[in-house]
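Enquirer: This is the structure I want to talk about, given as structure tokens.
The values are calculated or read from the model by the stated rules, or taken from the named source; none is laboratory data. Owing to the predicted nature of the structure, the values given are computational and were not obtained by experimental measurement. Here the Cβ is made from the backbone with ideal geometry for all residues, glycine too, and neighbour counts use every protein chain on show.
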Amino acid sequence: MSRDGPAPPASAPAPAPLLVILCGNPLAGDDAFGSLVARGLEARAPAGVEWVAAALCPAFRAIDLLAGRRAIRVVDAVRWPGVEAGRLIDLGWFEGVRPHLESETVVSTHRLSVALELDLADSLGLLPHDVRLLGVTIGPAGKTGTRPSPAVEQAARWVLRKIEAEAARALSSI
């Protein structure tokens, strides 16, 4: 039996249950936190995780990646007045007062920050219930070309292990 019109599109694979949005400037000292985690994810490629380095993608739009996700993790360096540099942050996106993210400033007049996009997505009912900030507090981000501090490098390893464990749990609950 013949059909009129084009063949239906092949169904797309289901998105990974855990989306990790990595923020930061890989060339600016401790602000490279998200980039350090990205390198670890690239090396280990854990199942159940999709990640995107938002800082390196000028056309990045978080809202386009949210459909079908069980959880979202935003990985970024954090400035939190009165909190010493090197402190790990694991905070629900909507739990109380969120510290200032290094990526939170508007990138340009053509793009919203990741934080603003996620807040907009929440207003539109597009966010999953499980959204968390995984970060490390930093002092001055550093001059271009400086290396991250040992505390930030250690925090990146902790976040990578946490993401791997969360991805394993998300896959086991499918």
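Enquirer: How about region 88-111: which of its residues are farther than 26 Å from residue 154 by Cβ and modelled with pLDDT of 70 or more?
Expert: Matches in region 88-111: 94 only.
Enquirer: I'd like the residue in region 18-57 that is crowded, with 22+ Cβ neighbours inside 10 Å and assigned to a loop (DSSP other than H, G, I, E, B) and, out of all such residues, is modelled with the lowest pLDDT.
Expert: Looking at the filtered set, the residue picked out is 24.
Enquirer: Residue 114 versus (1) at pLDDT below 85; (2) within 17 Å of residue 41 (Cα to Cα); (3) buried (at least 20 other Cβ atoms within 10 Å of the Cβ): which is the lone unmet condition?
Expert: (2)
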